[in-house]
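To start, the structure under review is shown below, and the notes come after it.
The values are calculated or read from the model by the stated rules, or taken from the named source; none is laboratory data. Computed from a prediction, not measured in an experiment: that's the story for all the values here. Quick reminder, even Gly has a Cβ in these numbers, built from the backbone with ideal geometry, and neighbours come from all protein chains shown.
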Amino acid sequence: SEHLDRVDHLLMREIQARSQAFYKALDTLHSLYGQVDETVSVIQHLRTVMQALDQRLVAHALRIAQLRRRRRNVEQIHRHLSLIASIKQTQHNLQVLMSCSDFVAALDLILEAKAVMSRELAGVAAVRDTAAQLDEMEGVVLDMMTAEFVAVSMGRDGLVADTSQACGQLSIASIIDGEGGGGDVGMNVDPSSLTLVEDRLLALTLALVRASKVRCALDDYCKAAVNEVLLGIKGVLRRDLPPTPGGGGEGGRKKRR
């Protein structure tokens, strides 16, 4: 028991010696708790202020940027839809131009539509079929333009009816005799008709050059001109040259053999 009393006495002395430090540490802990609570309150206040600033300044600025981007996208979509609508309308316009035989304007419209599709609507699935149809119609228009170029150049068009009639009055006999030469032919042709022919040929030639088809048109014209000359020579020979003795019938053919 004496030993236990001594232990108790020592414990009491240690507790009494260290009580001041314990209470001081406890006071320090309470002070730290108070500082933490004050810091949390300041942080909450700062968060509230930051949220208010974000709503008033940053959010509006971001919304403006988003609206600008959306407006730009909508304008781009509207432009593409307008181009698609105009491309779709091109087919109807081509039919109208072709019904009026305005092949030059039809070719210009096709080339312009194809340029717009390759530049603005590349990769758009809505106009893939239209591109194939435009290629097909371009071939048809070029064939018609080539045929019209040959017809106008050969004098088979209504604008050059007077010229073709005047040229049709020539014959080998009249050329040999010097009658109805080149001087009278020009007098029977209307100058305004020739001007219209020149303008029409110029428009057709420029359109064919733009489509890189002028060589094909000239080849067709050369073939038609050769055939026309051959047919004219045969007709004039049958009409103006007297038949040779023994030239007709079966006997003449055998003799030529």
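Only residues in region 212-231 that are in contact (Cβ under 8 Å) with a residue 12 or more places away in the chain count as the first member; pair them with residues that are of a type in the set (Phe, Trp, Tyr), Cβ under 7 angstrom, at least 6 apart or cross-chain, and list the lot.
ALA217/PHE149; TYR221/PHE149
Could you pull out the residue among LEU11, LEU26, LEU81, LEU62 that is surrounded by 10 or more Cβ atoms within 10 Å (Cβ to Cβ) and within 27 Å of ARG128 (Cα to Cα)?
Numbers: LEU11 fails: within 27 Å of ARG128 (Cα to Cα); LEU26 fails: within 27 Å of ARG128 (Cα to Cα); LEU62 fails: within 27 Å of ARG128 (Cα to Cα).
After applying the criteria, what remains is LEU81.
How about region 112-132: which of its residues are part of a helix (DSSP H, G or I) and exposed (fewer than 15 other Cβ atoms within 10 Å of the Cβ)?
Narrowing region 112-132 to residues part of a helix (DSSP H, G or I): 112-119, 125-132.
Hits for region 112-132 are GLU112, ALA115, SER118, ARG119, ALA125, ALA126, ARG128, ASP129, ALA132.
Looking at ARG210, is it exposed (fewer than 10 other Cβ atoms within 10 Å of the Cβ) and at pLDDT 75 or above? Let's see the steps before the verdict.
Details: exposed (fewer than 10 other Cβ atoms within 10 Å of the Cβ): no; at pLDDT 75 or above: yes.
It is false that ARG210 is exposed (fewer than 10 other Cβ atoms within 10 Å of the Cβ) and at pLDDT 75 or above.
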